[in-house]
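Peer 1: Structure provided below as structure tokens; questions to follow.
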Amino acid sequence: MSIAIFTLTSELHDERAVGAVTREFLNSLDVAYEFVGNDFTTYGQHDLDLLYVRTGGTEGIFKKLLPMLQSKSCRPFYLLTSGKSNSLAASMEILSFLRQKGLRGEIVHGKASYITQRIRLLAQVSEAQKRLKGCRLGVVGEPSDWLISSSVDNARVKELLGVELMDIPMQELLDVIAETPMQMTTEQAPTDAIRDALPGAHQIYKALRVLVERYRLQGFTLRCFDLLTAVRNTGCLALARLNAQGVVAGCEGDIPAMLSMKIGQALIGVSGFQANPARIDPETGEVLFAHCTIPLNMVERYELDTHFESGIGIGIRGYMKEGAVTIFKVSGNLSRCFIEEGELLCNQSEADLCRTQQVIRLSDPSKASYFLTAPIGNHHIILPGHHKALLEEMMKSLL
């Protein structure tokens, strides 16, 4: 990631003294940066642009620069302060001025360790935003009929995320499947039924790959249950493989879930496990999540089974490493989100649930009430590791 530091300095201050403070302050930060100084030609071209307010008396300088800075970037203004030479006081006046104009900004100030952590987080979010800009995500078939609360505001998604949603008819996928040769596979299977279903599952994967390339997609969500009747098979294996290859691939035509997966991938590099709660203990904060597919790069091992609801095709039973996880979901208009950390206690394999099953204990057990009182649909995204601060900063930057 690229971090640039631009400077604001009053002419009244002695440059040698200010320079010494600058070196001491910046050397205390454990981040890689480009020190640009007061030449703002490249402002807005980095993952993170910091305005280092080196001294007091810089408020008027900033006011004159503001129109030019706005023409180069629409991102918030991040005012870096050392706490010396009235740097903080000037930054507070500048930030107050920005807020009066309805503009966003933040003073980055504190101990060196805090400033370092904050800069890294802001740069990571900005880098993810740049990855999202111009992304094309497909909706293959309409959202499943039962997703009655999962509508999406396409214009708002384009405005806030820079993501374009593309509708692709289900019939187009079925036509590509019919044109794709079916090949036998030597992949091991636990039963004859699963062995017989594998060629068709790989055929679906190849057909989805064709659509990804045809429409230059960075991800999609699939109305996958239509495949059960149309080709007597499932997309579970295809989605598991595509997610592992960096193409976000969601289930059931759930667009908010797909957006959540894409945001997660842009931030931490993994699509996440799209699943729905099957059981919740409101007292302990333990939630059992389940679904029939999971990205293959998220699991230590996996097994092939049939699809749970239909008993046909291929389902994936994945075993993810136990430990820290984050549960994430955004609403279709991006106005709401749920973010909570927890611990994956165990993977299990009950016969009467979707094949991949995870028991997760929320870090704050009281947050389990969200699922019972104000859920954002049924599907939620499980990400490995604790990323609450990062996801919260990402969502805060959108509003």
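A short reminder: the numbers here are calculations on the coordinates, not readings from a lab. Source: prediction; values computed, not measured. A quick note on method: Cβ atoms are made from the backbone with ideal geometry, for glycine too, and the neighbour counts reach across all protein chains shown.
Peer 1: Which whole-Hz couplings ³J(HN,Hα) result when phi for each residue of the range 255-268 is put into the Karplus expression 6.51 cos²θ - 1.76 cosθ + 1.60, θ = phi - 60°, listed in order with x for Gly and Pro?
Peer 2: Ordered by residue, 3J(HN,Hα) equals 6, x, 5, 4, 4, 4, 5, 5, 4, x, 5, 4, 7, 10 Hz.
Peer 1: Counting helices only, and only those DSSP H runs with n ≥ 4, report the 222 nm mean residue ellipticity of the chain as the sum of -39,500 (n - 2.57) divided by its residues, in deg cm²/dmol to the nearest 500.
Peer 2: On the way: 12 runs with 147 residues, N = 399.
The helix contribution divided over the chain gives -11500 deg cm²/dmol.
Peer 1: Same structure again: State the answer as a single residue: which of 94, 330, 200 lies farthest towards the positive end of the charge dipole of the chain, with beta carbon charges of +1 for Lys and Arg and -1 for Asp and Glu, about the Cα centre.
Peer 2: Going by the Cα projections, it comes out as 94.
Peer 1: Under the rule of at least 5 residues apart or a separate chain, name every residue whose amide H is placed under 5 Å from the amide H of residue 105.
Peer 2: Amide H neighbours of residue 105, under 5 Å, 5+ apart: 77.
Peer 1: How much of the DSSP bridge set in the chain is antiparallel, in percent, rounded to the nearest 5? Could you put the intermediate results ahead of the total?
Peer 2: Values: 37 of 67 bridges.
Close to 55 percent.
Peer 1: To continue, here is another question. May I ask for the net charge around residue 303, where only other residues with Cβ less than 11 Å from the Cβ of residue 303 are counted and Lys, Arg are +1 while Asp, Glu are -1?
Peer 2: On the way: positive: 301, 317, 355; negative: 305.
Every neighbour counted, the sum reads +2.
Peer 1: List the residues whose amide H sits under 5 Å from the amide H of residue 324, counting only those 5 or more places along or on another chain, with H placed 1.01 Å from N in the peptide plane.
Peer 2: So residue 324 has HN proximity to 344, 385.
Peer 1: In the range 200-347, with Lys and Arg counted as +1 and Asp and Glu as -1 at Cβ, which of these residues, 230, 250, 282, has the Cα nearest the positive end of the dipole, that is, farthest along it?
Peer 2: 230
Peer 1: While we're here: Please list the non-local residues whose amide H lies under 5 Å from the amide H of residue 166, H modeled 1.01 Å from N, same-chain partners needing a gap of 5 or more.
Peer 2: Answer set, sorted by chain and number: 137, 138, 139.
Peer 1: Then there's this: Remind me, what semi-axes does the range 3-132 give for its equivalent ellipsoid, largest first in whole Å, using sqrt of 5 times each Cα gyration tensor eigenvalue?
Peer 2: 21, 18, 14
Peer 1: Once the Cα atoms of helix 87-100 and of the chain are each reduced to a long axis, what angle between those two axes, in degrees from 0 to 90 to the nearest 10, is obtained?
Peer 2: So the inclination is approximately 60 degrees.
Peer 1: Arrange the peptides 96-102, 164-170 so that the one whose residues have, on average, the most other Cβ atoms within 10 Å appears first. Can you show the working numbers first?
Peer 2: Details: 96-102: 11.1, 164-170: 15.4.
Highest to lowest by the protection proxy: 164-170, 96-102.
Peer 1: Let me ask something additional. Using +1 at the C-beta of Lys and Arg and -1 at the C-beta of Asp and Glu, which of 217, 148, 108 has the Cα lying farthest in the positive direction of the dipole of the range 103-226?
Peer 2: Farthest towards the positive end: 108.
Peer 1: Order by neighbour count: 291, 202, fewest other Cβ atoms within 10 Å first, most last. Before the final figure, lay out each step's value.
Peer 2: Working: 291 26, 202 21.
Neighbour counts put them in this order, fewest first: 202, 291.
Peer 1: Determine, for 191, 42, the number of other Cβ atoms within 10 Å of each Cβ, and report the residues in order from fewest to most. Kindly include the intermediate steps, with their values, before the conclusion.
Peer 2: On the way: 191 11, 42 14.
In increasing order of surrounding Cβ atoms, one gets 191, 42.
Peer 1: Apply the Karplus parameterisation 6.51 cos²θ - 1.76 cosθ + 1.60, with θ equal to phi minus 60°, to every residue of the range 327-340 and state each ³J(HN,Hα) to the nearest whole Hz, in sequence, with x for glycine and proline.
Peer 2: So the J values, rounded to whole Hz, are 9, 9, 7, 10, 7, x, 9, 6, 8, 10, 8, 10, 9, 8.
Peer 1: Continuing with this model, one more query. Between the helical axis of 192-214 and the dominant principal axis of the chain, each derived from Cα atoms, what acute angle in degrees is found, rounded to the nearest 10?
Peer 2: 40 degrees
Peer 1: Let me spell out the model: positive unit charges on the Cβ of Lys and Arg, negative unit charges on the Cβ of Asp and Glu, origin at the Cα centre of the chain. What dipole size does that give, in debye rounded to 20?
Peer 2: Working: 40 positive and 45 negative charges, 247 e Å.
Its charge dipole is roughly 1180 debye.
Peer 1: Short version: what are the Cα gyration tensor semi-axes of the range 275-338, square root of 5 times each eigenvalue, largest first, in whole Å? Write down the numbers at each step before the final one.
Peer 2: Numbers: eigenvalues 114, 51, 41 Å².
Square roots of five times the eigenvalues give 24, 16, 14 Å.
Peer 1: Same structure again: So what are the ³J(HN,Hα) numbers for the range 68-79, from phi and the Karplus equation (6.51, -1.76, 1.60; θ = phi - 60°), rounded to whole Hz, Gly and Pro as x?
Peer 2: Along the range 68-79, the couplings run 5, 5, 5, 6, 9, 7, 9, 7, x, 8, 10, 9 Hz.
Peer 1: Would you mind calculating the relative contact order of the chain from Cα pairs under 8 angstrom and at least 6 residues apart, reporting the percent as a whole number?
Peer 2: In percent, rounded to a whole number, it is 13.
Peer 1: Now, a different point. Could you tell me the center-to-center distance, by alpha carbons, between the range 98-166 and the range 357-379 in angstrom?
Peer 2: Here the two parts' Cα centres lie 23 Å apart.
Peer 1: Among 79, 372, 198, which one shows the biggest mean-square fluctuation in a GNM of the chain, springs joining Cα atoms closer than 10 Å?
Peer 2: 372
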